[in-house]
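Written out below as structure tokens is the structure these notes cover.
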Amino acid sequence: MELALELRGITKRFPGVLANDHIDFQVGKGEIHALLGENGAGKTTLMNILYGLYPPDEGEVVLGGQPVKFNSPSDAIHAGIGMVHQHFKLVPPFTVTENIMLGNESMAGPFQLDRAAAAKRITELSNQYGLFVNPKSKVSELSVGVQQRVEILKAFYRNAEVLILDEPTAVLTPQESDELFSIMRGLTQQGKSIIFISHKLKEVLAISDAITVLRRGKVVGDADPHTASEEDLATMMVGRSVILQVEKTAAKPGAAVLSVRGMTVRRDKTASAGSGILLAVNAIDLEVHAGEIVGVAGVEGNGQTELAEALTGLRPIDGGSVTIGGVSIVGKSPRFITVHGVAHVPEDRQKYGLVLGYPIADNLVLATYFEPPFARGIVINEAAIRDNATRLVKEFDIRTPSVYTPARNLSGGNQQKVVVARELSRDNRLLIAAQPTRGLDVGSIEFIHRTIIAARDSGVAVLLISAELDEILSLADRIAVMYKGKIAAIVPRAEATREKLGLLMASGQVQAIAATVAEG
């Protein structure tokens, strides 16, 4: 097999951490090579070295048979390395053409961009690789799946031969994921090489030609996707057996804890509520009972974020009524809602879940620092805060050198664990969990799923908002699908399938779903 890329003995050290320990990694020409590992395994560091963000302390990168040294991402891009990040790097008001040529502009004159030439090349690339987009469309008008095509086109516009895809299906519907996999296969047939990073083991087995697994900074083995199972990969990643199927008994719902009637929420705080187009949440009704999990499914951008923010006091409720335990929360502060027994795992952990400059210990008591045993009046009990952090770091397997390490120094997955540990370790009547396992490895996902089920079984009402259909299908007792700010349907778990939910998520086609169920 002809190699497109080879990493030899890559080693990278940070203070107190050996992130990469003499890693050897090869990618063949025209190959999809999956890179797996739990949080903190070293995947991100390795890709940052390949993309020119970090220099290796030891080892070398070999591209097309020649050793190369990258001092910046620009060097990597010019050498033929492209990367599509999990969170797209696009400017929404710009057109497809403007986004793709940004940073690599061609000029028609001293002060004029040659948009026509760029659009022509983008169209040629679109046709060549099956990445069909309209160069004149504004990115803000495109679906998430098409925006991802724009990111891939941006890499090929810069002549990428090796493409790194970081969690590429995290925000896609099942149908969009299938389209992406078809595109990936088409790219490899034309000689492109792809490094595929994902926590979705089913997808890894379905699309990859080869699999390499990292654990604690080292390569622990390679796997053949034709013979390996999800259980095999999970065991390699975590170093122990992992239960991939959520084990739970039937729900025993009690009284309604969360009651939403005709709730309306503006798309942003300055938009007028007079037009339905500007409403993120449009007159929805929803109930969540004690001892049940209601999952909210939908393509991101259909009102799920605003729903969670409104229910936790982070965004004003513009109309309708919302009660928790019979008490209205309309116009109430996040502190009031938290004290009233609501836990919140926010979608954006860095913006709403953490104070990045604070130590882990302080972040773990952000919701309770003013209560005993962490405080007596205005006096903070540092020992109690430290003991709480030590316990939760161990219980939730937060990978950190110290409980006093600033949250910003943790990997994204470990930052998420801090938020989940804080919220799920309190006594709650309602848990609002938005993307609770985003960026987590299979071992952490297993633990968090068990914890959410345990909360449900103890009588907590759970509203689970997730872009992961497998997560929704595994955990939820009822599933509400949001489309354009409305609830398109509420489907009992027994009647829900990936295909039916995917159709609702993509088009809100309630009648089509009903017909499919009837034909059943």
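So, in the range 308-365, how many residues would count as being among the charged types (D, E, K, R), farther than 25 Å from Ala297 by Cβ and part of a loop (DSSP other than H, G, I, E, B)?
Selection size over the range 308-365: 1.
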Selection status of Gln66, surrounded by fewer than 20 Cβ atoms within 10 Å (Cβ to Cβ), closer than 30 Å to Ser444 by Cβ and of a type in the set (S, T, N, Q): no
Matching residues in the range 288-307 (outside any helix (DSSP H, G or I), modelled with pLDDT under 95 and of a type in the set (Asp, Glu)) number 1
When both residues are 6+ apart or on different chains and their Cβ atoms are under 8 Å apart, which pairs have a first residue that lies in the range 142-161 and is free of Cβ contacts under 8 Å to residues at least 24 places away in the same chain, and a second that is of a type in the set (Val, Ile, Thr)? Val146/Val133
When you look at Glu167, is it under 19 Å from Leu50 (Cβ atoms), surrounded by fewer than 20 Cβ atoms within 10 Å (Cβ to Cβ), under 21 Å from the mean Cα position of the chain (by Cα) and not hydroxyl-bearing (Ser, Thr, Tyr), yes or no? yes
Cβ-Cβ distance below 6 Å, separation of 6 or more or different chains: which pairs start in the range 44-59 with a residue that is not assigned by TED's automatic domain parsing to the domain that holds Gly412 and end on one that is assigned to a helix (DSSP H, G or I)? Tyr51/Pro73; Tyr51/Ala76; Gly52/Pro73; Gly52/Asp75; Gly52/Ala76; Tyr54/Asn48; Pro56/Ile49
Tell me the residue from Gln148, Gln190 that is assigned by TED's automatic domain parsing to the domain that holds Asn104 and within 21 Å of the chain's Cα centre (by Cα), please. Gln148
Out of all the residues in the range 166-176, is one or more at pLDDT 85 or above and under 15 Å from Ser208 (Cα atoms)? yes
Selection from the range 102-119 of residues that are closer than 17 Å to Ala160 by Cα and modelled with pLDDT under 90: Leu102, Gly103, Asn104, Glu105
Filter the range 7-20 down to the residues that are surrounded by fewer than 17 Cβ atoms within 10 Å (Cβ to Cβ), over 26 Å from the mean Cα position of the chain (by Cα) and in a strand (DSSP E or B), then identify the one that is modelled with the lowest pLDDT. Arg13
Just checking, how many residues over the range 456-512 are over 13 Å from Gly295 (Cβ atoms), among the hydrophobic types (A, V, I, L, M, F, W, C), modelled with pLDDT of 85 or more and crowded, with 21+ Cβ neighbours inside 10 Å? 2
For Phe370, only one of the following conditions fails: (1) touching a residue at least 24 places away in the same chain (Cβ under 8 Å); (2) farther than 25 Å from Ser458 by Cα; (3) hydrophobic (A, V, I, L, M, F, W, C); (4) part of a loop (DSSP other than H, G, I, E, B). What is its number? (1)
Can we say Val146 is surrounded by fewer than 21 Cβ atoms within 10 Å (Cβ to Cβ), modelled with pLDDT under 90 and of a type in the set (Val, Ile, Thr)? yes
Using the structure shown, decide if Glu60 is within 15 Å of Leu163 (Cα to Cα) and either exposed (fewer than 15 other Cβ atoms within 10 Å of the Cβ) or acidic (Asp, Glu) (or both). no
If you go through the range 326-360 one residue at a time, how many are modelled with pLDDT of 95 or more, surrounded by fewer than 15 Cβ atoms within 10 Å (Cβ to Cβ) and under 22 Å from the mean Cα position of the chain (by Cα)? 1
On the basis of being within 18 Å of Glu6 (Cα to Cα) and not polar (S, T, N, Q), does Asp57 make the cut? yes
Does Gly320 count as in contact with a Lys or Arg (Cβ under 9 Å, 6 or more places away or on another chain), over 11 Å from Ser259 (Cβ atoms) and in contact (Cβ under 8 Å) with a residue 40 or more places away in the chain? no
Quick check: anything in the range 21-32 more than 28 Å from His226 (Cβ to Cβ) and at pLDDT below 95? no
Could you say which residue among Gly42, Gly52 is of a type in the set (Gly, Ala, Ser), crowded, with 20+ Cβ neighbours inside 10 Å and touching a Leu at 6+ places or on another chain (Cβ under 6 Å)? Gly42
Could you say which residue among Ile152, Ile122 is farther than 23 Å from Ala108 by Cα, touching a helix residue (DSSP H, G or I) at 6+ places or on another chain (Cβ under 9 Å) and at pLDDT 85 or above? Ile152
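The values are calculated or read from the model by the stated rules, or taken from the named source; none is laboratory data. Just so you know, these numbers come straight off a predicted model, no measurement behind them. Virtual Cβ from ideal backbone geometry, glycine too; neighbours counted across all protein chains shown.
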